[in-house]
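Chemist: Sharing a structure below in structure tokens format, with a few things to ask.
Values quoted throughout were computed directly from the atomic coordinates according to the rules given, and no laboratory measurement underlies them. Keep in mind that this is a model prediction, so the values were computed, not measured. Cβ coordinates were reconstructed from backbone atoms using ideal geometry, including for glycine residues, and neighbour counts include every protein chain displayed.
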Amino acid sequence: SGCRKWNGWQGAGCHPQPAPVRRLRMLRVFSMLVATGLLLACLTAYVLENYTVQPAFTEGSGGGHPRAEQPPYPGRAMDNIFWFLQVSDLHISRFIDPQRTPDFKKFCTETIDVIKPAIVFATGDLTDAKTKNRIGSVQHEIEWQTYQATLKQSRVLEKTKWIDIKGNHDAFNIPSLKSINNYYRKYSAHRQDGSFHYVHQTNFGNYSFICADATPSPGPKRPFNFFGFLNQNKMDELSKLASETVCSNQTIWLGHYTTSTIISASPGIQKVMSSAIAYLCGHLHTLGGLMPVLHSRNEQGTLELELADWMDNRKLVSLEITNTLVREKLWTVFSL
């Protein structure tokens, strides 16, 4: 059955759609296209607003540094320098990209042996936690076991300080932090929920690293776990951690979420981290290749440096600390 037409003659029983009906359908399609365009425009404007690099500070803008005449100084010797690595969004998966885990093991052996970092920070999404059809979410214990086995078999924990932070994928479908499905507490290197302060001690001073955990609890399923949340209690905890860094040469914050994807209580996450020289994060990958570099400087002067993912791009970053001033040019991205 159906309407057929031969040589301009339309068969019996066929009735063309009335013009008002066709116009209504075209109007609906047009409205959907306009709404989609507006949504994409708003998203693009939001991202550009949060990731537009402001002009760098000049020496005369804020006066001299209060510790300008104190060591450590940059020089030829290697006794006033250390470096660390950041890797993000590993997404160890049981279903896709079988080369991902062997490449991660290669990073934990060959790359670490060559670079010899003092610390390695894995800033979230350690596992993929997706269903086989890539639509739903579930915590697969085998993914966590694979992650832990790689750390142990490579013996990377004996070579460097390994600090792993939770990402939103690591908190999918977690009804409470005490849930048996909260595999982060069982298989990660850190194994403790919440934000924390790590102090790296050297013979030329201490360096503070504050790791901010903004994953929600309980952790909802996909796609309702994209934003991080810091309520007043968590913000007070972070403020307390920030106050512990006053005796350190420098402070660096790390987390999974970008500050633009964190909903925080007063005074706001950027304000609390204002004494830090940089905030290192992941989460947004490269926005589908549209934003391969997402670096910005917030109003308080703290650099925000979002690292592209390990999942597809195999990216990591190395930061050297040689004195009390760290410049953006010290960032080097290695592509394996």
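Chemist: I need two numbers for region 229-313: Rg to one decimal and Dmax as a whole number, Cα atoms only, in Å.
Modeler: Over region 229-313's Cα set, Rg and Dmax evaluate to 13.5, 41 Å.
Chemist: Also, quick follow-up: Rounded if a/c is under 1.5, else prolate if a/b beats b/c, else oblate: with a ≥ b ≥ c from the C-alpha gyration tensor eigenvalues square-rooted, which is region 134-249?
Modeler: Numbers: a/c = 2.85, a/b = 1.29, b/c = 2.21.
In terms of gyration-tensor shape, oblate.
Chemist: Additional query: Can you tell me which of 88-98, 165-175, 129-139, 266-276 comes out highest on packing, and rank the rest after it, using the mean Cβ neighbours within 10 Å? Walk me through the numbers before you get to the answer.
Modeler: Details: 88-98: 19.5, 165-175: 24.7, 129-139: 15.8, 266-276: 17.9.
Packing order, densest peptide first, comes out as 165-175, 88-98, 266-276, 129-139.
Chemist: When only alpha-carbon atoms are used, what values of Rg and Dmax, in angstrom, describe region 70-226?
Modeler: Values for region 70-226 (Cα only, Rg and Dmax): 17.3, 58 Å.
Chemist: Quick one: Karplus J couplings for region 249-259, per residue in order, coefficients 6.51, -1.76, 1.60, θ = phi - 60°, nearest Hz, x for Gly and Pro?
Modeler: 4, 8, 10, 10, 9, 9, x, 8, 6, 5, 5
Chemist: While we're looking at this one, here's another question. On a C-alpha basis, how far is the centre of region 145-173 from the centre of region 202-227 in Å? Whole number, if you could?
Modeler: 15 Å
Chemist: Then there's this: Listed here are the pairs LYS159/LYS240; LYS178/LYS234; LYS130/LYS161; which of them are more than 22 Å apart at the Cα? Kindly include the intermediate steps, with their values, before the conclusion.
Modeler: Values: LYS159/LYS240 31 Å; LYS178/LYS234 18 Å; LYS130/LYS161 29 Å.
With Cα atoms farther than 22 Å apart: LYS159/LYS240; LYS130/LYS161.
Chemist: Over every pair of different alpha-carbon atoms in region 183-233, take the mean of 1/r and invert it; report that Kirkwood radius in Å. Before the final figure, lay out each step's value.
Modeler: Details: mean 1/r = 0.0746 Å⁻¹.
Radius from the Kirkwood sum: 13.4 Å.
Chemist: Name the residues whose placed amide hydrogens come within less than 5 Å of the amide hydrogen of ASP164, ignoring near sequence neighbours (fewer than 5 apart) on the same chain.
Modeler: Amide H to amide H, under 5 Å and 5 or more residues apart or across chains, ASP164 pairs with ALA122, ALA189, HIS190.
Chemist: I'd like to know which of THR322, LEU307, THR245 lies farthest towards the positive end of the charge dipole of region 180-322, counting +1 on Cβ of Lys and Arg and -1 on Cβ of Asp and Glu.
Modeler: Result: LEU307.
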